[in-house]
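A.B. asks: Can you read through this structure? Questions will come right after.
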Amino acid sequence: MNERLFHSYRPAEGHGLAHDPLNSLVAPRPIGWIGSISGAGVPNLAPYSFFNLFCYRPPIVGFSSGGEKDSVVNARDTGEFTWNLVSRDLAEAMNASSASVGPEVDEFDLAGLDMLPGVDVRAPRVAAAPVQFECKVTEIRYLKTLAGTDSSNVMVFGEVVRIHIDPAHIVEGTYRTISAAPVARGGGTADYFEIGPDTLFHMTRPR
């Protein structure tokens with residue numbers, strides 16, 4: 001068998017390509033559209049492409065921020081945040097909410113989005129989002145390097161204490177993932193993917 005040739009590199013030494021491929025290799029990734037509120041009562045909304053759900057019980061989600069951005073500061077100060085599902089019709093608003101603005105700016109207003117109050121948290125929800133999680137912070141930590149030093153990346157974990165689902169996407173008692181046309185982050189500077197029925201396939205786990 002012929003040996004396969006790979007483009008191999010150590011990330012610390014550079015990738016040698018026109019664009020860093022890392023976020024294209026682990027893709028698509030769910031978007032952490034994080035709602036929060038400052039200690040002064042200013043709403044905040046920002047998308048994070050390093051986000052995921054980590055377990056069932058208790059349901060824990062987390063997002064990673066490059067530095068202590070407003071979402072991290074607010075989560076630390078208030079102990080709460082929301083996650084809001086980005087559907088295809090909300091993609092442009094999500095992108096608008098990613099603008100680099102000061103902590104005094106309300107990104108809900110900036111992106112033309114209506115808010116809903118949380119039931120169990122103070123952090124606001126995106127009213128038009130088909131799914132919303134209310135979360136309470138469980139831990140905030142700087143991710144460490146191999147050398148054991150803190151990196152510049154902050155990980156915020158939260159336990160989901162309440163879930164809101166638009167019933168239009170529940171069919172015969174089952175939430176249909178593709179019904180909401182969720183958007184995921186791809187690689188490069190502008191790649192996104194819409195999850196739709198043409199990409200669905202079924203595979204049963206072996207027993």
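A.B. asks: State whether one or more residues within segment 79-88 are farther than 20 Å from A180 by Cβ and either in contact with a helix residue (DSSP H, G or I) (Cβ under 7 Å, 6 or more places away or on another chain) or not charged (D, E, K, R) (or both). Quick ask: steps written out before the conclusion?
C.D. replies: Kept after step one, since they are farther than 20 Å from A180 by Cβ, are these residues of segment 79-88: 79-81.
Those left that are additionally either in contact with a helix residue (DSSP H, G or I) (Cβ under 7 Å, 6 or more places away or on another chain) or not charged (D, E, K, R) (or both): 79, 81.
Yes - at least one qualifying residue is present in segment 79-88.
A.B. asks: Still on this structure: Go through P43, P11, P103 for me and flag whichever is closer than 22 Å to F157 by Cα, more than 15 Å from the chain's Cα centre (by Cα) and surrounded by fewer than 17 Cβ atoms within 10 Å (Cβ to Cβ). Spell out the reasoning first.
C.D. replies: Numbers: P43 fails: surrounded by fewer than 17 Cβ atoms within 10 Å (Cβ to Cβ); P11 fails: closer than 22 Å to F157 by Cα.
Just a single option satisfies the conditions, and that option is P103.
A.B. asks: So in segment 160-170, with the set limited to residues that are crowded, with 16+ Cβ neighbours inside 10 Å and of a type outside the set (A, V, I, L, M, F, W, C), which one is nearest to the chain's Cα centre (by Cα)?
C.D. replies: H164
A.B. asks: Name the residues in segment 176-198 that are touching a Gly at 6+ places or on another chain (Cβ under 9 Å) and in a helix (DSSP H, G or I), would you?
C.D. replies: I178
Per-residue answers, yes or no, for (1) closer than 23 Å to I195 by Cα; (2) touching a Leu at 6+ places or on another chain (Cβ under 7 Å); (3) modelled with pLDDT of 95 or more; (4) exposed (fewer than 10 other Cβ atoms within 10 Å of the Cβ):
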position	(1), (2), (3), (4)
F6	no, no, no, yes
H15	no, no, yes, no
D20	no, no, no, no
N23	yes, no, no, no
A27	yes, no, no, no
P30	yes, no, yes, no
I37	no, no, yes, no
C55	yes, no, yes, yes
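A.B. asks: Look at G173 and say whether it is under 30 Å from K136 (Cβ atoms) and either out of contact with any Gly (no Cβ under 9 Å at 6 or more places or on another chain) or loosely packed, with under 12 Cβ neighbours inside 10 Å (or both).
C.D. replies: yes
A.B. asks: Can you give me the number of residues within segment 118-154 that are part of a loop (DSSP other than H, G, I, E, B), of a type in the set (G, A, S) and farther than 22 Å from P167 by Cβ? Spell out the reasoning first.
C.D. replies: Going residue by residue through segment 118-154, those that are part of a loop (DSSP other than H, G, I, E, B) are 118-124, 127-130, 145-149.
Checking which are of a type in the set (G, A, S) leaves us with 118, 123, 127-129, 147-148.
With farther than 22 Å from P167 by Cβ added as a condition, the list becomes 123, 147-148.
Residues that pass the stated criteria total 3.
A.B. asks: While we're here: Could you list, ordered by first residue, the pairs with Cβ atoms under 9 Å in which the first is in segment 185-207 and more than 19 Å from W33 (Cα to Cα) and free of Cβ contacts under 8 Å to residues at least 60 places away in the same chain and the second is surrounded by 13 or more Cβ atoms within 10 Å (Cβ to Cβ) and of a type in the set (A, V, I, L, M, F, W, C), at least 6 apart or interchain?
C.D. replies: Partner pairs satisfying both residue conditions: G196/I178; G196/A181; P197/I178; T199/I178; T199/F193; L200/I178.
A.B. asks: May I pose another question? When only residues in segment 57-79 that are of a type in the set (D, E, K, R) and under 15 Å from the mean Cα position of the chain (by Cα) count, which is surrounded by the most Cβ atoms within 10 Å (Cβ to Cβ)?
C.D. replies: D70
A.B. asks: If you check A147, A129, which single one turns out to be under 26 Å from L113 (Cβ atoms) and not aromatic (F, W, Y)?
C.D. replies: Step by step, each of A147, A129 is checked, and only A129 is under 26 Å from L113 (Cβ atoms) and not aromatic (F, W, Y).
The values are calculated or read from the model by the stated rules, or taken from the named source; none is laboratory data. Everything numeric in this text was worked out from a predicted model, so none of it was measured. All Cβ positions, even for glycine, are placed from backbone atoms using ideal geometry, and neighbour counts span all protein chains on display.
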